[in-house]
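Since the structure comes first, as C-alpha cells, the remarks are kept for the end.
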Amino acid sequence: MASITIRNLDDGLKARLRIQAAVHDKSMEDEARDILRNALSVVPSGTPNLAKSIRARFASVGGVDLPETPRAPMREPPSFD
C-alpha cells in the first residue's frame, strides 16, 4: 500500500477532521482514507466530445452563415488508351 504526507494543512481543517473521526469512532488517518475513497469513487461520465465542447464554448457568439459555393459538374475520368 502507498502512503502520503499532507503538509501545510490548515489547523481548523485538521481539527474538523479530528472531530469527524471521533464522531465516526475512527482514527484521523482512517477517516481521511474514507473521505478520499468517497470523493474519488465517482466515475467521470466519459471523455468529453471535442466538437460538442467547441460548439458549447462558442454558442453565445452565434452561428456563421457562409455562402454556398457553386459546384461544377464532375469531370470525365482520364482515359489511359
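No lab work stands behind these numbers, since they all come straight from the coordinates. Source: prediction; values computed, not measured. Here the Cβ is made from the backbone with ideal geometry for all residues, glycine too, and neighbour counts use every protein chain on show.
Phi-derived couplings, Karplus 6.51 cos²θ - 1.76 cosθ + 1.60 at θ = phi - 60°, listed residue by residue for region 41-55: 7, 6, 8, x, 6, x, 6, x, 7, 4, 4, 5, 5, 5, 4 Hz, with x used for Gly and Pro. A DSSP coil position with no more than 15 other Cβ atoms inside 10 Å describes the following GluC sites (Glu not before Pro) in region 29-81: 68. The phi torsions of region 17-25, fed into the Karplus equation with coefficients 6.51, -1.76 and 1.60 and a -60° offset, translate into couplings of 5, 4, 5, 5, 5, 5, 4, 8, 6 Hz, rounded to whole numbers, with Gly and Pro shown as x.
Mean-square fluctuations from a GNM of the chain, with a 10 angstrom spring cutoff on Cα atoms, peak among 36, 50, 66 at 66. Each residue of region 73-80 is assigned a 3J(HN,Hα), and the resulting list reads x, 5, 7, 5, x, x, 9, 10 Hz, derived from the Karplus form 6.51 cos²θ - 1.76 cosθ + 1.60 (θ = phi - 60°), x at Gly and Pro.
The long axis of helix 28-40 is offset from the longest Cα principal axis of the chain by roughly 20 degrees. For the pair residue 7 and residue 40, label points projected 7 Å from Cα toward Cβ lie 2.0 nm apart. If you filter region 1-54 for trypsin sites (Lys or Arg not before Pro), then keep DSSP loop positions with at most 12 other Cβ within 10 Å, what is left? Those satisfying the criteria are 7.
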